[in-house]
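Novice: Dropping the structure in here first, questions after.
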Amino acid sequence: MSVLDIPLRKALQLFYAPQPLRAKILKEDIRLDRKKESGGSRSRGGDFYLPFWSDVKTHISGDGDLTPLIDVRISSNKSYKRLYSLLKDGVLELLSAKLRWSNEPIEIVAQSVHGNLHIRDLRGTIRVKDALHARVREEYVRVVYPYFSEEPALPEEGGRLGLWVMQQALKEFGSSDMRIIDPLRRTFFSPITTPLQGNEESVFRSNYRSLVDDWERLKRE
């Protein structure tokens, strides 16, 4: 996947990954791009985390329980076992101890939330895809975007940058509605717990320019 068209969660991972991991991920993406250009398939076999996130939505809406849902996923694909189990525990702890939106029934809006941020001078598109759209009665909504990467943890700055991108890409929602969760660290970011400092655009652009530069250098090499 070219860094010029990249999911937000992957951009954040690459911003903060140790250099060897960052180079490894970029080289693999370049290899897959060249494979596709030569007529092969670029697919890695689908989004590893998509089934997990679908089950989280079912759980929050009250239409199922996350533990048995994940058990079924694991029984169907053993490669899910380690990470899905860790993610499940993290999500359940976040929901019980930290997010606690309300005791009222929560409605998961059928259509997930999608949006893009265009960095035009760098020809880049940052995609916010499949965010969870939760509505509590008619009082308020929450738009929740997951960060799944095992390495690195998402730092406080990364949480702020992610919230800023969501606010730019999802203009139909209020800025206070945004949330980013990092289930593996039992951490979440919101405009209240992680208030923006006003420099998020410049920091994001600097990090993104560095990422594009690395990608282009590795392509030449």
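Novice: At what distance in nm do the modelled label points of GLU139 and ARG209 sit from each other, each positioned 7 Å from its Cα along Cα→Cβ?
Specialist: If labels sit at GLU139 and ARG209, their model points lie 4.5 nm apart.
Novice: Sticking with this one: List the lysines whose Cα sits under 26 Å from the Cα of LYS88, skipping any in the same chain fewer than 8 residues away.
Specialist: LYS10, LYS57, LYS78, LYS98, LYS129
Novice: Accessible area, 1.4 Å probe, largest first: how do ASP121, ASP214 sort?
Specialist: Working: ASP121 95, ASP214 25 Å².
My answer, sorted largest first, is ASP121, ASP214.
Novice: Between helix 156-169 and the chain, what is the angle of the helix's C-alpha long axis to the longest principal axis, kept within 0 to 90° and rounded to the nearest 10?
Specialist: Once rounded, one gets 90 degrees.
Novice: Sorted by accessible area (1.4 Å probe), largest first, how do ASP29, ASP63 line up? Don't jump to the answer; show the numbers that get you there.
Specialist: On the way: ASP29 0, ASP63 125 Å².
Heavy-atom accessible area, descending, gives ASP63, ASP29.
Novice: Here is a follow-up. For region 1-97, what ratio Rg/Rh do Cα atoms give with a Kirkwood hydrodynamic radius?
Specialist: Details: Rg = 16.5 Å, Rh = 15.7 Å.
Radius of gyration over Kirkwood radius for region 1-97 works out to 1.05.
Novice: What number comes out for accessible area per residue over the chain if the probe is 1.4 Å? Units Å², please.
Specialist: Values: 11130 Å² over 221 residues.
On a per-residue basis, the chain sits at 50 Å².
Novice: With springs only between Cα atoms under 10 Å apart, run a GNM on the chain and tell me which of PRO18, PRO146, PRO191 wobbles the most.
Specialist: Result: PRO18 has the largest fluctuation of those listed.
Novice: If I fit a long axis through the Cα atoms of helix 200-220 and take the longest principal axis of the Cα atoms of the chain, what angle between them do I get, 0 to 90°, rounded to 10?
Specialist: In the chain, helix 200-220 runs at an angle near 50 degrees to the longest axis.
Novice: Let me ask something else. Longest span of the chain, sites excluded, free of trypsin sites (Lys or Arg not before Pro) in DSSP loop with at most 13 other C-beta atoms within 10 Å? Please report the intermediate quantities before stating the final value.
Specialist: On the way: sites that count: ARG42, ARG44, ARG100, ARG123, ARG137, LYS171.
The longest such stretch corresponds to 45-99.
Novice: List, in order, the whole-Hz ³J(HN,Hα) value for each residue of region 175-181 obtained from phi through the Karplus relation with A = 6.51, B = -1.76, C = 1.60 and θ = phi - 60°; use x for Gly and Pro.
Specialist: The phi angles translate into 4, 6, 7, 7, 9, 10, 10 Hz.
Novice: Okay, next question. Probe radius 1.4 Å, ligands and nucleic acids ignored: give me the carbon and sulfur share of the accessible area of the chain as a rounded percent. Show your work: numbers first, answer last.
Specialist: Details: 5380 of 11130 Å².
Carbon plus sulfur share of accessible area: 48 percent.
Novice: Suppose we keep just the DSSP beta bridges with both residues in the chain; what percent of those would be antiparallel, to 5? Provide the component values of the computation, followed by the final result.
Specialist: On the way: 17 of 24 bridges.
Bridges in the chain that DSSP calls antiparallel: roughly 70 percent.
The values are calculated or read from the model by the stated rules, or taken from the named source; none is laboratory data. Worth saying up front: this structure is predicted, and the values here are computed from it rather than measured. No Cβ is skipped: glycine too gets one built from the backbone with ideal geometry, and neighbour counts run over all protein chains shown. The area values use the complete protein model at the heavy-atom level, side chains included, leaving out ligands, DNA and RNA. Shrake-Rupley method; radii C 1.70, N 1.55, O 1.52, S 1.80 Å.
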